[in-house]
């Protein structure tokens, strides 16, 4: 069973209790960037050491069900390879997390799904993000730059600040039957379906990602669980396609 470790970086002083969490398969702990990025918040931190690997989604579920959300209003789910470069970023999340907002991220798209998504036979590409905005290093590779705040359709899972009230409403990821992919899209669409807003704030950051699907840990997980990287990628898309016919295609503005 994985272990949860707690380290206090700073106490919330704004009346909204927030905590930064990550699920990691790194044997050395929380990773190169997580604690320093949380300190720039500044926020307390909780790490779920995902060894043996039960999947990222299950790791986040453990964090939600455990100490990570105890007495918290907002839980900030972060990848362990995310480097946040801006001091005081937690206040920007607090400011964006209005009364009817469930999720705030650092990168988000104004739409999800092509216009003819349910008018032609299914293809994975039909679930593409539309007009992606961020202030991450290399933003021009991913889409457009946003240094302020905007309402979006979905956010990228490299950072998701989620209202615990909303997670309690849906039981976290209990209904999501997959391990690594599309958990962020699913969570945002669940929020939309229940009447919540989703936003992004243009905090300067660098997501040193891109290698998870080819990492030794990921390939080991697939072999041990009788699955393949291709299956892990494809099946969550089908779940989202089938579950959110009432919402897709989704556009903001």
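The values are calculated or read from the model by the stated rules, or taken from the named source; none is laboratory data. Remember, it's a predicted structure, so these values are computed and weren't measured experimentally. Cβ atoms come from the backbone with ideal geometry, glycine included; neighbour counts cover every protein chain shown.
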Can you find a residue in the range 30-37 that is surrounded by fewer than 24 Cβ atoms within 10 Å (Cβ to Cβ), at pLDDT below 85 and at positive phi?
-> yes
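Taking the options 85, 70, name whichever one is surrounded by fewer than 16 Cβ atoms within 10 Å (Cβ to Cβ), more than 30 Å from residue 235 (Cα to Cα) and without any contact (Cβ under 8 Å) to a residue 24 or more places away in the chain.
Values: 85 fails: without any contact (Cβ under 8 Å) to a residue 24 or more places away in the chain.
Going through 85, 70 in turn, the sole match is 70.
Tell me the residue from 180, 176 that is under 21 Å from residue 208 (Cα atoms) and either out of contact with any strand residue (DSSP E or B) (no Cβ under 6 Å at 6 or more places or on another chain) or part of a loop (DSSP other than H, G, I, E, B) (or both), please. Spell out how you get there, then give the answer.
Values: 176 fails: under 21 Å from residue 208 (Cα atoms).
After ruling out the rest, the residue left standing is 180.
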Identity of the residue in the range 122-158, over 21 Å from residue 102 (Cα atoms) and touching a helix residue (DSSP H, G or I) at 6+ places or on another chain (Cβ under 9 Å), that ends up surrounded by the most Cβ atoms within 10 Å (Cβ to Cβ) = 136
Which of the residues spanning the range 239-253 are part of a loop (DSSP other than H, G, I, E, B) and surrounded by fewer than 19 Cβ atoms within 10 Å (Cβ to Cβ)?
-> 245, 246, 247, 249, 253
